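Asks: Quick one: structure below, then a few questions.
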Amino acid sequence: MTSAAVSNPTLFFNGGILQGEGVEHATRRIKDLDNVFQDTKVFGKTDPETLVYEVSSFLPVAEGTPGGLYFGLTHIHPGKVGNEYFMTKGHFHALIDRAEYYWGIKGEGVLILMNENREVWAERMFPGSLHFIPGRVAHRVANTGSQLLSFGASWPADAGHNYEEIRKNGFARRLIDKNGIPTLI
Ligand code: S6P
Ligand code: ZN
């Protein structure tokens with residue numbers, strides 16, 4: 001159905017895959033996740049090519065553009081390193097006061113949040129859950145289920161990413177599988 005005034009959208013996330021012109025895809029494998037998991041012994045024995053998560057992003061303006069808005073879809077595969085669930089690297093934004101929305105689309109997970117005082121809290125993520133991540137709060141997601149976890153994200157184009165802080169100092173608490181229950185320790 002098209003007319004001069006009503007056109008089809010140019011972006012889709014059918015089946016969880018973001019498609020359209022200008023969409024970029026990134027993969028994160030075990031070999032890209034140095035310093036993320038606590039159990040370095042198990043980490044070292046895991047196939048470095050194991051796919052942990054994939055991100056597709058629509059970045060319609062140059063990074064740093066004030067007022068620009070980005071969209072991303074993240075898919076975290078089920079799995080663990082030792083007793084820790086597969087999870088994203090996690091980051092503060094480079095412009096630290098920039099906020100973000102996450103929302104659950106598929107599967108089960110936990111959004112782990114940490115402020116600049118290193119206080120950590122977490123929210124359950126599931127299809128239909130909506131998460132407002134205020135500025136100055138680092139964010140990371142773990143897949144606590146046995147299926148793929150998919151979530152959407154939208155963040156300001158000038159937010160940027162500060163991965164270094166988390167790579168060096170991590171989150172103050174870790175989410176582990178304790179007798180089958182996701183537990184923050
Ligand atoms: C970007 C947004 C997400 C993440 C993605 C992967 O600000 O928070 O698109 O980039 O979920 O996580 P990470 O921590 O590896 O960037
Ligand atoms: Zn972010």
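The values are calculated or read from the model by the stated rules, or taken from the named source; none is laboratory data. Quick caveat, the model's predicted, so the values are computed rather than measured. We place every Cβ from the backbone using ideal geometry, glycine too, and count neighbours over all the protein chains shown. All accessible areas refer to the heavy atoms of the entire protein, side chains included, with ligands and DNA or RNA removed. Shrake-Rupley method; radii C 1.70, N 1.55, O 1.52, S 1.80 Å.
Asks: List every residue whose amide H lies under 5 Å from the amide H of residue 80, counting only residues 5 or more places away in sequence or on a different chain, with H placed 1.01 Å from N in the peptide plane.
Replies: Those lying under 5 Å, H to H, from residue 80 are 86.
Asks: Still on this structure, I have one more. Compute the distance in nm between two label points, each set 7 Å from the Cα along the Cα-to-Cβ direction, one at residue 5 and one at residue 62.
Replies: Label at residue 5, label at residue 62, 3.7 nm between them.
Asks: Using the basic label-point model (7 angstrom from Cα toward the beta carbon), what is the residue 119 to residue 181 distance in nanometres?
Replies: For the pair residue 119/residue 181, the computed spacing is 2.4 nm.
Asks: On to the next question. Sorted by accessible area (1.4 Å probe), largest first, how do 126, 13 line up?
Replies: Output order, biggest surface exposure first: 13, 126.
Asks: Using mean Cβ contacts within 10 Å as the protection proxy, how do 43-55, 84-96 order, highest first?
Replies: Output ranking for 43-55, 84-96: 84-96, 43-55.
Asks: Right, something else. If one computes the Cα centroid of the stretch 67-88 and of the stretch 1-62, what distance in Å separates the two points?
Replies: Using only Cα atoms to place each centre, the spacing works out to 9 Å.
Asks: Would you mind checking which residues have amide H under 5 Å from residue 129's amide H? H placed 1.01 Å from N; only 5 or more apart, or other chain.
Replies: Those lying under 5 Å, H to H, from residue 129 are 104.
Asks: Taking a 1.4 Å probe, which of 136, 29, 124 shows the most accessible area, and what order do the others take after it?
Replies: Accessible-area ranking of 136, 29, 124, largest first: 124, 136, 29.
Asks: Rounded to the nearest 20 Debye, what is the dipole magnitude of the chain about its Cα centre when Lys and Arg each give +1 and Asp and Glu each give -1 at the C-beta?
Replies: 560 debye
Asks: Given a cut-off of under 8 Å on Cα pairs at least six residues apart, what relative contact order in percent is computed for the stretch 16-184?
Replies: Across the stretch 16-184, relative contact order equals 26 percent.
Asks: For the chain, what's the radius of gyration and Dmax over Cα atoms, in angstrom?
Replies: Cα only, the chain: 16.9, 61 Å (Rg, Dmax).
Asks: For the chain, what is the mean residue ellipticity at 222 nm derived from helices alone (per DSSP H run of n ≥ 4: -39500 (n - 2.57); sum divided by total residues; nearest 500 deg cm²/dmol)?
Replies: One gets -1500 deg cm²/dmol as the mean residue ellipticity at 222 nm.
Asks: Scan around residue 174 for amide H atoms under 5 Å from its own, H built in the peptide plane at 1.01 Å from N, and keep only partners 5 or more places away or cross-chain.
Replies: Amide H neighbours of residue 174, under 5 Å, 5+ apart: 185.
Asks: Explain nothing, just compute: Karplus ³J(HN,Hα) = 6.51 cos²θ - 1.76 cosθ + 1.60, θ = phi - 60°, for every residue of the stretch 118-133 in order, whole Hz, x for Gly and Pro.
Replies: 6, 7, 10, 9, 8, 10, 5, 10, 7, x, x, 6, 10, 10, 8, 9
Asks: Packing-wise, with mean Cβ within 10 Å as the measure, how do 111-120, 141-150 rank, highest first?
Replies: 141-150, 111-120
Asks: From the backbone phi of the stretch 168-181, what are the Karplus-calculated ³J(HN,Hα) couplings (6.51 cos²θ - 1.76 cosθ + 1.60, θ = phi - 60°) in whole Hz, Gly and Pro given as x?
Replies: These are the phi-based 3J(HN,Hα) values: 6, 10, x, 8, 6, 9, 10, 9, 10, 8, 10, 6, x, 10 Hz.
Asks: So what J values fall out for the stretch 55-63 if you push phi through Karplus, 6.51 cos²θ - 1.76 cosθ + 1.60 with θ = phi - 60°, rounded to Hz, Gly and Pro as x?
Replies: 10, 10, 10, 10, 10, x, 10, 5, 4
Asks: If you don't mind, there's one more thing I want to ask. Largest first and in whole Å, give the semi-axes of the stretch 88-178's equivalent ellipsoid, each being the square root of 5 times a Cα gyration tensor eigenvalue.
Replies: Computed over the stretch 88-178, the values are 21, 16, 10 Å.
Asks: Please report, as a whole percent, how much of the solvent-accessible surface of the chain comes from carbon and sulfur atoms (probe radius 1.4 Å).
Replies: In the chain, the share of accessible area belonging to carbon and sulfur is 52 percent.
Asks: Rg(Cα) of the stretch 36-127 divided by 2.2 N^0.38 Å?
Replies: 1.26
Asks: Report the calculated FRET efficiency for residue 69 and residue 169 (r = Cβ-Cβ distance, R0 = 22 Å), to the nearest 0.05.
Replies: E between residue 69 and residue 169, to the nearest 0.05, is 0.15.
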